[in-house]
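The values are calculated or read from the model by the stated rules, or taken from the named source; none is laboratory data. This one's a predicted model, so the numbers in the text were calculated from it and none came from an experiment. Note that each Cβ is placed from the backbone with ideal geometry, even for glycine, and that neighbours are counted across all protein chains shown. What goes into the accessible areas is simple: the full protein's heavy atoms, side chains included, and nothing from ligands, DNA or RNA. Shrake-Rupley method; radii C 1.70, N 1.55, O 1.52, S 1.80 Å.
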Amino acid sequence: QVQLVESGGGLVQAGGSLRLSCAASGSIFSINVMGWYRQAPGKQRELVAVITSGGNTNYADSVKGRFTISRDNAKNTVYLQMNSLKPEDTAVYYCRQTARLITYWGQGTQVTVSS
(Lines give C-alpha, C1' and ligand atoms only; values in the text may rest on other atoms or scores of the structure.)
Protein backbone atom coordinates (compact mmCIF):
# COMPACT_ATOMS: atom_id res chain seq x y z
CA GLN A 1 0.00 0.00 0.00
CA VAL A 2 1.05 3.57 -0.72
CA GLN A 3 -0.27 6.63 1.05
CA LEU A 4 -0.21 10.03 -0.63
CA VAL A 5 -0.67 13.22 1.34
CA GLU A 6 -1.09 16.55 -0.46
CA SER A 7 -0.50 19.98 1.01
CA GLY A 8 -0.13 23.56 -0.14
CA GLY A 9 -3.57 24.39 -1.46
CA GLY A 10 -5.42 27.55 -0.57
CA LEU A 11 -6.95 30.78 -1.77
CA VAL A 12 -4.97 33.07 -4.04
CA GLN A 13 -5.74 36.02 -6.29
CA ALA A 14 -5.49 35.72 -10.05
CA GLY A 15 -1.89 36.12 -11.15
CA GLY A 16 -0.59 34.68 -7.92
CA SER A 17 1.35 31.51 -7.19
CA LEU A 18 0.99 28.38 -5.10
CA ARG A 19 3.19 25.34 -4.57
CA LEU A 20 1.59 21.97 -3.97
CA SER A 21 3.43 19.06 -2.37
CA CYS A 22 2.60 15.37 -2.30
CA ALA A 23 4.48 13.07 0.05
CA ALA A 24 4.33 9.34 -0.58
CA SER A 25 4.84 6.71 2.09
CA GLY A 26 4.44 2.97 2.41
CA SER A 27 5.48 0.30 -0.07
CA ILE A 28 6.98 2.56 -2.70
CA PHE A 29 8.45 1.07 -5.84
CA SER A 30 11.36 3.14 -7.08
CA ILE A 31 10.16 3.13 -10.69
CA ASN A 32 6.88 4.99 -10.82
CA VAL A 33 4.98 7.81 -12.40
CA MET A 34 3.62 10.58 -10.22
CA GLY A 35 1.24 13.22 -11.30
CA TRP A 36 -1.24 15.92 -10.48
CA TYR A 37 -4.85 15.87 -11.59
CA ARG A 38 -7.64 18.30 -10.86
CA GLN A 39 -11.40 18.28 -10.72
CA ALA A 40 -13.53 21.37 -10.86
CA PRO A 41 -17.18 21.34 -9.74
CA GLY A 42 -19.37 19.66 -12.35
CA LYS A 43 -16.39 18.60 -14.45
CA GLN A 44 -14.43 15.41 -14.92
CA ARG A 45 -11.07 14.90 -13.32
CA GLU A 46 -8.32 15.91 -15.73
CA LEU A 47 -4.58 15.56 -16.04
CA VAL A 48 -2.50 18.56 -15.04
CA ALA A 49 1.06 17.21 -15.16
CA VAL A 50 2.96 13.96 -14.73
CA ILE A 51 6.59 13.10 -14.09
CA THR A 52 8.39 9.78 -14.30
CA SER A 53 10.98 8.60 -11.81
CA GLY A 54 13.54 9.48 -14.49
CA GLY A 55 12.33 13.06 -14.68
CA ASN A 56 10.39 13.04 -17.93
CA THR A 57 7.38 15.37 -17.77
CA ASN A 58 4.12 15.98 -19.57
CA TYR A 59 1.67 18.85 -19.12
CA ALA A 60 -1.86 19.70 -20.07
CA ASP A 61 -1.92 22.40 -22.72
CA SER A 62 -3.87 24.68 -20.40
CA VAL A 63 -1.01 24.85 -17.88
CA LYS A 64 2.07 24.74 -20.09
CA GLY A 65 4.40 27.62 -19.35
CA ARG A 66 2.67 28.37 -16.03
CA PHE A 67 2.99 25.17 -13.99
CA THR A 68 6.09 23.13 -13.26
CA ILE A 69 6.12 19.60 -11.88
CA SER A 70 9.18 18.27 -10.09
CA ARG A 71 10.09 15.48 -7.71
CA ASP A 72 12.56 14.59 -5.02
CA ASN A 73 13.05 10.84 -5.20
CA ALA A 74 15.00 10.76 -1.94
CA LYS A 75 11.99 12.27 -0.15
CA ASN A 76 9.36 10.43 -2.24
CA THR A 77 7.75 13.80 -2.84
CA VAL A 78 6.35 15.45 -5.94
CA TYR A 79 5.73 19.17 -6.29
CA LEU A 80 3.60 21.37 -8.48
CA GLN A 81 4.68 24.99 -8.77
CA MET A 82 1.74 26.99 -10.09
CA ASN A 83 2.37 30.51 -11.36
CA SER A 84 0.15 33.05 -13.11
CA LEU A 85 -2.90 31.36 -11.68
CA LYS A 86 -6.27 31.97 -13.31
CA PRO A 87 -9.80 31.60 -11.92
CA GLU A 88 -10.27 28.62 -14.23
CA ASP A 89 -7.51 26.82 -12.31
CA THR A 90 -9.87 26.58 -9.35
CA ALA A 91 -10.34 22.90 -8.51
CA VAL A 92 -9.49 20.15 -6.11
CA TYR A 93 -5.99 18.97 -6.98
CA TYR A 94 -5.18 15.29 -6.54
CA CYS A 95 -1.83 13.56 -6.42
CA ARG A 96 -1.54 10.19 -8.15
CA GLN A 97 1.12 7.53 -8.22
CA THR A 98 1.24 4.58 -10.60
CA ALA A 99 3.70 1.73 -10.24
CA ARG A 100 3.51 -1.89 -11.34
CA LEU A 101 0.10 -1.13 -12.89
CA ILE A 102 -1.30 -0.10 -9.49
CA THR A 103 -2.62 3.43 -9.01
CA TYR A 104 -2.96 5.33 -5.77
CA TRP A 105 -4.66 8.67 -5.17
CA GLY A 106 -4.30 11.28 -2.49
CA GLN A 107 -7.25 12.85 -0.73
CA GLY A 108 -7.00 16.11 -2.66
CA THR A 109 -6.29 19.72 -1.80
CA GLN A 110 -8.47 22.68 -2.72
CA VAL A 111 -7.06 25.47 -4.87
CA THR A 112 -9.24 28.54 -5.27
CA VAL A 113 -8.23 31.43 -7.51
CA SER A 114 -10.22 34.62 -7.11
CA SER A 115 -10.62 37.17 -9.91
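Annotation: peptides 108-114, 34-40, ranked by per-residue average of other Cβ atoms within 10 Å with the highest first, follow the order 34-40, 108-114.
Note that region 83-88 has calculated 3J(HN,Hα) couplings of 10, 6, 5, 10, x, 6 Hz, one per residue in order, obtained from phi through the Karplus relation 6.51 cos²θ - 1.76 cosθ + 1.60 (θ = phi - 60°); glycine and proline are x. Couplings 3J(HN,Hα) for region 25-34, derived from phi with the Karplus relation 6.51 cos²θ - 1.76 cosθ + 1.60 (θ = phi - 60°), are 9, x, 8, 8, 8, 4, 9, 7, 10, 10 Hz, where x marks Gly and Pro.
Amide H to amide H, with H built 1.01 Å from N, residue 58 comes under 5 Å of 50, counting only residues 5 or more places away or on other chains.
Under a 5 Å amide H cut-off, with hydrogens placed 1.01 Å from N, residue 32 pairs with 53 among residues at least 5 apart or on other chains. For the set 51, 31, the ranking by accessible area, highest first and with no ligand, DNA or RNA atoms included, is 31, 51 under a 1.4 Å probe. Treating cross-link reach as a plain straight distance, find the lysines whose alpha-carbon is under 23 Å from the alpha-carbon of residue 43, omitting any fewer than eight places away in the same chain. Straight-line reach from residue 43, under 23 Å: 64, 86.
Please list 62-73, 91-102 highest first by mean number of surrounding beta-carbon atoms within 10 Å per residue.
On the way: 62-73: 15.5, 91-102: 17.5.
Ranking, from highest mean packing down: 91-102, 62-73.
Phi-derived couplings, Karplus 6.51 cos²θ - 1.76 cosθ + 1.60 at θ = phi - 60°, listed residue by residue for region 39-52: 9, 8, x, x, 10, 7, 5, 10, 5, 9, 6, 9, 8, 7 Hz, with x used for Gly and Pro.
Counting only protein heavy atoms and a probe of 1.4 Å, the accessible surface of the chain is 49% carbon and sulfur.
Around residue 95, under 15 Å between beta carbons, what's the net of Lys plus Arg minus Asp minus Glu among the other residues? Walk me through the numbers on the way to the answer.
Details: positive: 19, 38, 45, 71, 75, 96; negative: 6, 46, 72.
The answer is +3.
Amide H contacts under 5 Å for residue 2: 27, restricted to partners 5 or more places along the chain or on a different chain, H placed in the peptide plane at 1.01 Å from N.
Per residue, the chain exposes 53 Å² of accessible surface when a 1.4 Å probe is rolled over the protein heavy atoms with every protein chain present. A cut-off under 15 angstrom between Cβ atoms defines the neighbours of residue 30, and their net charge, with Lys, Arg +1 and Asp, Glu -1, is +2.
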